[in-house]
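What follows is a set of notes on a single structure, which appears directly below.
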Amino acid sequence: MGCGTSVAIENQGKPRGHSETAMKAAILIQRWYRRYIARLEMRRRYTWNIFQSIEYAGEQDQLQLSSFFSFMLDNFTQLNGNGPDLISHLLDSVVDPLTEEVRQTRYEQIVVPDSYTGPRLTFPLSVSDTNALLSAFKEQQTLHGKYVLQLLHETKKFLKQMPNVIYLSTSYAKEITICGDLHGSLDDLLLIFYKNGLPSDENPYIFNGDFVDRGKKSMEIIIILFAFLLLYPDHMHLNRGNHEDHIMNLRYGFTKEVMQKYKAHGRDILQLLQDVFSLLPVATVIDNKVLIVHGGISDNTDLDFLSSVERYRVKSALRLPKRSLDHLEVVSSRSSSRQGRVGLESPRSLGRSSRASRKRKSHLTRQASCSSSSSSSSSSSLCSPRLLSRNTSRNTLRNTAMNTPRNTPRKTPQHPPSPSLPSPTDMLQVPFLDSIMSLAPPEPSREEMEWRQIVDLLWSDPKCQNGCSPNTFRGGGCYFGPDVTQRLLQKHGFCLLIRSHECKQEGYELCHDGQVITIFSASNYYEEGSNRGAYIKIGPELVPRFFQYQVSRSTRKLTLHQRVSVAEGSALKALQEKLFAHRSELMAGFQQYDKNNTGRISTGEWATVVESVLKMDLPWRTLRPRLVRLAPDGNVEYESCFEAVSPGQSVPQVTPNLAETLYRYRTDLAIIFNIIDKDHSGQISIEEFRQTWKLFSSHLGVDVDDQAIDDMARSIDFNKDGSIDFNEFLEAFRVVHKLDVKEQQHG
Amino acid sequence: MFEQAQIQEFKEAFTIMDQNRDGFIDKNDLRDTFAALGRLNVKQEEIDEMLKEAPGPINFTVFLTMFGEKLKGADPEETILNAFKVFDPEGKGTLKKDFVTEMLTTQADRFSREEMEQMFTAFPPDVAGNLDYKNLVYIITHGEEKDQE
């Protein structure tokens, strides 16, 4: 390459004798610029970490909520006089009393008004139908509920004939396109179709799960995907993802989207979707060489067993299969005056005695415990197991540990939560009347094994180290190492595993020495500019080719610095909200280090407290300048970390502590209220509100004054008619970011 | 050598580089970090050289020794401006794009082609091919200052 011998330099008139100074200057510039880029890169990475941490914390919350639902189902028999049916309806699988033919006729009879200008589908579908759908959705139209129901009905019929694992082959010239998570991002799907062409006999596609949730166009995406599925059944394939799950949809936005878009038919659509989702195949194999699943595998994954599984029974990963008590050996570990009967009680009395024993603080403990307990075994555990006694009445083993913090969403499996099943060595301890009984858990039933196989495929993540451990970060599935991959691939003669499930900066990533590819197709997943999307094309030679893209709202490309700043700003806001939501705990922690009440503590102390309260594994010291102020003496003014965020509106009769608690559990409460609100009026009765809140807070171990709740409930009942508009109620517990307000005020 | 607080900061930097979280920075971590910094296609030899500089596998202690000094401090605006001025004795405030490329890619800690492109994408020269280096220095140093607040 030489050193400065080009003609250009001559023209600039630089004296050659200055070469030493020139070199020093060059070094300085190079190092300085590289440091700048390195700092940008660091910010980008920790921004990424923040988003992922928050995402997985949300998944943990979901686990907590699901265990609460089970708790409610089993303990709360009177809710609006409807018993547990209300909750069962949405959480348990419901057998359709009507036959398929009757259903079909019903849908056909739905009248679509002439004023409706959207697509009118006719079955069997044709290319004109799919074209009409694509045009309509580009114009922001919504498909009428009738056609949605008919489409889902046809899709369900079609999927019933499909096996659990689909085997495909690339014929001589055809390439198959494989797409990853879309998460409701219609723009990304349309961009893929634009770049790669629509699905057809000449252009086969596989979509690898997670079509819904988070993005606002989940409905449109599945309408398009199912339509193409029916139109080209041999060239369009869909794998189930962990978000094709009605309980996940409650939290992550799909249920809400459906109810908002389809007021009259929403419930029917959701009910049908439950079935359709559970009928989606769980894996696809190309040329007997490439395995495609949404999440990953575990050391238990057995494709032969998998082909015989009844996949439609696993409606949700978060509803654990019932277990049989028939083989239980019941050993009383403490003698008590009531000892004698060894059988288990009916639900009501057990419920009552658990409530009573709760008051006496006798906990349900286990060696391996689940998300709301504090024990620290790393073996897989069960959250809210359900047991059947010989009388087939429903008993429950409840984890009612009261004052336990939520578990750490860490990658290393030190902490337990995981909706997987206990190993035979765990002992379950049940409060029975006044004593604690030890039960050896039963052998896993066939249903459990089937459940586990499917959950592993949909929830697992690859890791770098060998071995297979429960995926505590997400609360479901496993972490699988390169040895697990190697073993499975070898066993079946495969050469490649393609999966999705994890967002990647470049839209795709290889690991396990190139044997595992992660493909993710939702660009800007966390925030504008956060990541690209990608798809794979693979032909008969089985060499994958990657295609990347990024949807952009603005036509002007953002510079790297701008992209990092936008994403970072968003991540920091989310963090600030988390700090706000845990204010009292944090302040208590800070004050431990500040006995003299100076308002200041060292950076290290601040970081320690924040890490232990929020339980997020982030570089707090690096983030410190963005979150909290320094005093002149170099210490942290800890109260300043709450300054950026303030409550949206003041609610009378609500103490700051209560406001904080309600803010923290807003999402959970929204989900619960939506379930209680059967007719979707947006209103629930004060009594329902009070009871639900009490149950929820006692389940979480949150200490809330009953009187305060009563006062608040009454004050929210603005028109004093005994009912609360819960959307308004939840709105009251939003927060605003002060900088946003300022920007709005100054235009 | 370093204060406790600084060590903690470096620990975070180390963790950010250690992508697979196994407590060591290996060649994959290094390659990923380079790639993210715009230096794609770093030669295997170069990475091996860096790894060879370390007495053993690069755990945090080794990282501190090797990189600690380089992570400290920021050069003041004045210093960087003077460095650019070495190449602009007439004090025009701009430099020709080709010249800048030559200057940075052919000597000292040579920039790669990708790094050079990255810089010009972020700080584009005008139509005549002039790079306003004063502006570049200002944006970078002042942008950074805001970060450190």
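The values are calculated or read from the model by the stated rules, or taken from the named source; none is laboratory data. Here the structure is a predicted model, which is why all the values come from computation and not from measurement. Here the Cβ positions follow ideal geometry from the backbone for every residue, glycine too, while neighbour counts run over all protein chains shown.
Miscellaneous remarks
- Checking A:152, A:189, A:159, A:125 one by one, the residue that is buried (at least 19 other Cβ atoms within 10 Å of the Cβ), part of a loop (DSSP other than H, G, I, E, B) and either touching a residue at least 40 places away in the same chain (Cβ under 8 Å) or assigned by the TED database to the domain that holds residue A:235 (or both) is A:125 and no other.
- Residues (part of a loop (DSSP other than H, G, I, E, B) and crowded, with 24+ Cβ neighbours inside 10 Å) located in segment A:167-186: A:180, A:182, A:183, A:184, A:185
- Residue check, residue A:509 surrounded by fewer than 23 Cβ atoms within 10 Å (Cβ to Cβ), assigned to a loop (DSSP other than H, G, I, E, B) and not hydroxyl-bearing (Ser, Thr, Tyr): no
- Selected residue (criterion: surrounded by the most Cβ atoms within 10 Å (Cβ to Cβ)) from residues of segment A:654-674 that are under 18 Å from residue A:710 (Cα atoms) and polar (S, T, N, Q): A:661
- Scanning segment A:648-673 for residues being assigned to a helix (DSSP H, G or I) and modelled with pLDDT under 70 gives a total of 0.
- Answer residue from segment A:689-740, given it is assigned to a helix (DSSP H, G or I) and over 23 Å from residue A:667 (Cβ atoms) and is modelled with the lowest pLDDT among those: A:739
- Only residues that are aliphatic (A, V, I, L, M) and either more than 7 Å from chain B (Cβ to nearest Cβ) or not in a helix (DSSP H, G or I) (or both) were counted across segment A:19-60, and they come to 4.
- Failed item in (1) at pLDDT 85 or above; (2) assigned to a helix (DSSP H, G or I), with residue A:562 passing the rest: (1)
- Test: residue in segment A:211-227 that is in contact with a Ser or Thr (Cβ under 6 Å, 6 or more places away or on another chain) and either among the small types (Gly, Ala, Ser) or over 24 Å from residue A:250 (Cα atoms) (or both): yes
- Residue within segment B:29-39 that is at pLDDT 70 or above, more than 25 Å from residue A:47 (Cα to Cα) and either within 8 Å of another protein chain (Cβ to nearest Cβ) or in contact with a Leu (Cβ under 9 Å, 6 or more places away or on another chain) (or both) present: no
- Some residue of segment A:209-219 being surrounded by fewer than 21 Cβ atoms within 10 Å (Cβ to Cβ), part of a loop (DSSP other than H, G, I, E, B) and free of Cβ contacts under 8 Å to residues at least 24 places away in the same chain: no
- Looking only at segment B:88-114, and only at residues there that are assigned to a helix (DSSP H, G or I) and more than 8 Å from chain A (Cβ to nearest Cβ), the one that is modelled with the lowest pLDDT: B:114
- Applying the criterion of at least 1 residues that are away from chain B (no Cβ under 14 Å) and without any contact (Cβ under 8 Å) to a residue 60 or more places away in the chain to the helices (runs of 4 or more DSSP H) found wholly in segment A:583-647 leaves A:583-593, A:603-614.
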